[in-house]
Amino acid sequence: MKRMAEALPDQKGHFGTYGGRFVPETLIPALQDLERAYSAVKNDSSFQKELSMLLKDYVGRPTPLYFAKQLTNHYGEGKIYFKREDLCHTGAHKINNTVGQILLARQLGKQRIIAETGAGQHGVATATVAAMMGLRCAVYMGTEDMTRQEINVARMRLLGAEVIPVTSGTKTLKDATNEALRDWVTNVRETFYVIGSVVGPHPYPMIVRDFQSIIGRETKAQMMQREGRFPDYLVACVGGGSNSIGLFYDFLEDDVKMIGVEAAGLGVETSYHAATLTAGTPGILHGSYSYVLQDNAGQILPAHSISAGLDYPGVGPEHSYLKDRGRVTYVSVTDDEALEAGLMMTRIEGILPALESSHAIAYLRYLMPKSSVKDIIVVNLSGRGEKDLTAITKAFNQSRTSERLL
Amino acid sequence: MNRLVARLSALRAERRKALSLFVTAGYSIAEETVPLVIELVTSGADVIELGIPFSDPIADGPTIQASSEVALRNGITLERTLEMVKQIRERCDIPLVLMGYANPIFKFGLAEFLDACKHVGADGTIIADLPLEESDEYRMHATKRDIASIFLVAPTTTDERLEQIDRASTGFLYCISVTGVTGGRKALAAQAESFLIRARKHVKSNPLLAGFGIATPNDARRVAMHCDGIIIGSALIELLGLPHNSHRLEQASAFVRAIRTALDS
C-alpha cells in the first residue's frame, strides 16, 4: 500500500488499467500542452504562491472542521465532524479547482474559458474566477439541470458568463460534457476547458485531484490539532468524484477507512440511479477508461439522481482503481434517504447541505450503528443547499411524508 | 491484397482522386442502408465508411449526432452493422471501412471485433477517439488480420506527430481538414489548404484523404487538389434524413454523381 498514490497516474495517465486519453486527435496536442504547463507550475513557487493567496483570501481557506455535536448525539456513537467546503466562496468545493485551472489558462495565454456543469456549482465557480481574471466564459448546461438549478443559472449570467443550454440526449451533465468537448475540439487554440471533476482525458483527473487535495491536507492538520490523531472514517459523496478524492487523497497511505457514497436515485435495482461504481462496468466515456453505466452493446445509459451534481453515468478513473484495489468502499443511498438526511441536518445542526453532500450525510444512518464511541468520522460537506431549494421543496411536496417533514 | 489498399493504389496509378462516403449504419431507415450503399457505389464511390452508432459521439457535429440517435432508436448495434457489411459484401467488392467510437468496440472485444471484420469482409477500421498512444493492442490485432487501422490527423497535429501517426496508420491517413467536429462550414477550402500542404510534406507512407466539412462539389474539387481523395459524411446524411421524402436515394445518388464529376474534372 505504501506510496501507491504518489506514483499515479503513470506517464500515459493510467491509474492501473484505468484513465488514459481517449479523445479525437484534434485535442491530443492541447492535452500535451496542458500536461507540460501543469508540470511546470507544479513546482513553480510564484504560481503556487499566487494560488495559495487566492485560496486564502478569495476562496476563504482553510475551511473549518466542525464538530457536529447534535448529529453525534442523535446517533449516540462516535464523533462526527464536517469539513465545511460549503463555506467556500460560491458555496462548494468546486472553486478550489477552478482557481487553479484558470491560473493555468492564464499561464497558457488562453482568453476564453469553457466549462460543463451539472448542479451549476462548477459553472458558478468557473464564471466567478473568469470574471475576477477578466476572461470570457461559456458554460454548457443540460436544460433539465437548468430547470432544477435555476438559481445557479441566474448567478452565472449575472457573473457575465454565457450559459449554453444543451438539449441533446439526457439534457443533463453527460450531454453538457459532450457539448463542452465539441466546443473544445472546435476552438481548441484559443480556449481552455476547465473540467469540473476528476474525469476526462489525462491530465485532467490528476490536475483536478491535485487542486482538490487541499481538502484532505487541511483536514489532516485540523484533526491532529483537535484530536491528536487521524480520523477512523472519511465519508464523501461521489458523482465524478472530485470532493471525495480531494478529501481522501492525503490519507490514502494512512490507516483510515474511506467511504464513497454514490447516488442510488430510485434504487440501484431500478434503471434510475447514478451508482456507477456500485452497478456499472468498465468502459470509455469522456476521454477515459473507468466504470460507466452502459448496456450490453456499449451504449452509455442515462443516469438518474435528484442531485444534478451526481447525475452522471461515469466516474473518475482513480476511483475505479481505488475500488478495484479495495482501498475505498463505495456504497449508495437513494434520493429519499438523501432528502431526509439533508432535512435532518438542517433541523438539528442549522446547516442546509447541498443535495450532493446530503448523500454523504445519509450514509451515516448505516455507518454509525456499526461504529464505536471512540470512532471519529469526517464527512465532507461539499456544498451548501440554497441552490436546491426548488428541487427540495418540489420533492417534499410530491412525497407522502411531506406533512411530517415540512 | 486488402481491397482498400488495392483500390487506393489503383486510383493513384490512374491519377484519380478517391471518393469515400460515410453513412451511419441504419439511418434513416434500418433496412435502407444496404440498398443505399449499393446505390452510392453505382454513383461513383470508391470507398464506403459505415458508421457504428454511439450514444456519445464527441467528434461529431449535429447532423451525424442526430443520425446516430435515430440509428440507435432503430435498434442498430455493432452486430447489426457487421451484418450489413456482410450483406453488402455479398453484392459487391467495394472497399468497406467501419468507423466508430471506442466504447462499443471495446465492449464487443477488440480481437473479437477485428475477427468479425475479417469474417464479414470489412477492409479497414477507424476509431474516432482512439489516438495513437492508446492503440498498441488495436494495431496489433488489425495487422494480424490484414485489416487497415486508419488514424486521423488534425490541423493541431504537430509535424513530428504527423510522421509518427503516418507510420502507425495503414490503408490511408484521415486528414481532418479543419479544426472542429464533423459537418459543413464556410470558407472550408481555404482553411483546409494550408494544413493539407503541410501534411503532404510529412506524410510518406499513406494516401491522404481529407474529410470533415466537405459539402459541395466545389469544396470537393478544391480540397482534392491537395490530397489523394476526399471523405463526405454530413452533407450526404442530411439528404437521407429529409422526412417523407421518397426521393431520398435518387437525391443522394445525384449528389454523389455531382461530386464525382467535380473530382474527375
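The values are calculated or read from the model by the stated rules, or taken from the named source; none is laboratory data. Because the structure is predicted, anything quoted here is derived from the model rather than measured. Heads up, the Cβs are rebuilt from the backbone with ideal geometry, glycines too, and the neighbour counts pull from every protein chain shown. The area values use the complete protein model at the heavy-atom level, side chains included, leaving out ligands, DNA and RNA. Shrake-Rupley method; radii C 1.70, N 1.55, O 1.52, S 1.80 Å.
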Out of (1) of a type in the set (A, V, I, L, M); (2) touching a helix residue (DSSP H, G or I) at 6+ places or on another chain (Cβ under 6 Å); (3) within 17 Å of residue B:2 (Cβ to Cβ), the odd one out for residue B:25 is which? (3)
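Each row is one residue, and each column tells you yes or no for (1) of a type in the set (D, E, K, R); (2) in a helix (DSSP H, G or I); (3) surrounded by 20 or more Cβ atoms within 10 Å (Cβ to Cβ); (4) more than 13 Å from the chain's Cα centre (by Cα).
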position	(1), (2), (3), (4)
B:4	no, yes, yes, no
B:20	no, no, yes, no
B:27	no, no, yes, yes
B:53	no, no, yes, yes
B:89	yes, yes, no, yes
Across the stretch B:158-177, what is the number of residues that are among the β-branched types (Val, Ile, Thr) and surrounded by fewer than 23 Cβ atoms within 10 Å (Cβ to Cβ)? 2
Picked from the stretch A:13-54 (must be of a type in the set (Lys, Arg) and open to solvent by 40 Å² or more (accessible area, probe 1.4 Å)), the residue farthest from residue B:154 (Cα to Cα) is A:49
Look at residue B:245 and say whether it is assigned to a loop (DSSP other than H, G, I, E, B) and of a type outside the set (Gly, Ala, Ser). yes
Select from the stretch B:118-150 the residues that are open to solvent by less than 40 Å² (accessible area, probe 1.4 Å), away from chain A (no Cβ under 14 Å) and assigned to a helix (DSSP H, G or I) and list them in ascending order. B:120, B:141, B:142
Only one of (1) free of Cβ contacts under 8 Å to residues at least 40 places away in the same chain; (2) part of a loop (DSSP other than H, G, I, E, B) is not met by residue A:351, so which one is it? (1)
Within the stretch B:179-223, of all residues that are part of a loop (DSSP other than H, G, I, E, B) and hydrophobic (A, V, I, L, M, F, W, C), the one modelled with the lowest pLDDT is B:187
Just need a number here: residues in the stretch A:275-297 that are within 7 Å of another protein chain (Cβ to nearest Cβ), without any contact (Cβ under 8 Å) to a residue 24 or more places away in the chain and out of contact with any strand residue (DSSP E or B) (no Cβ under 7 Å at 6 or more places or on another chain). 1
Quickly run through the stretch B:69-80 and pick out the residues that are more than 10 Å from chain A (Cβ to nearest Cβ) and either without any contact (Cβ under 8 Å) to a residue 40 or more places away in the chain or outside any loop (DSSP other than H, G, I, E, B) (or both). B:70, B:71, B:73
If you take the residues of the stretch A:94-120 that are closer than 16 Å to residue A:162 by Cα and more than 18 Å from the chain's Cα centre (by Cα), which of them is least open to solvent (accessible area, probe 1.4 Å)? A:113
Residues of the stretch B:91-115 satisfying the condition of being open to solvent by 10 Å² or more (accessible area, probe 1.4 Å) and away from every other protein chain (no Cβ under 14 Å): B:91, B:92, B:93, B:111, B:115
Residues of the stretch A:298-344 satisfying the condition of being within 18 Å of residue A:367 (Cα to Cα), part of a loop (DSSP other than H, G, I, E, B) and over 18 Å from the mean Cα position of the chain (by Cα): A:326, A:327
Answer yes if at least one residue in the stretch A:197-211 is hydroxyl-bearing (Ser, Thr, Tyr) and closer than 30 Å to residue A:29 by Cβ, and no otherwise. yes
Looking at (1) away from chain B (no Cβ under 14 Å); (2) in a strand (DSSP E or B), find the lone condition where residue A:272 falls short. (2)
Residues in the stretch A:338-348 that are free of Cβ contacts under 8 Å to residues at least 40 places away in the same chain, open to solvent by 30 Å² or more (accessible area, probe 1.4 Å) and of a type outside the set (Lys, Arg) total 1
Would you pick out the residues in the stretch B:219-232 that are in contact with a helix residue (DSSP H, G or I) (Cβ under 7 Å, 6 or more places away or on another chain) and farther than 15 Å from residue B:46 by Cβ? B:219, B:221, B:222, B:223, B:226
Taking the options B:205, B:246, B:265, B:194, name whichever one is touching a residue at least 40 places away in the same chain (Cβ under 8 Å) and either within 18 Å of residue B:47 (Cβ to Cβ) or not aromatic (Phe, Trp, Tyr) (or both). B:265
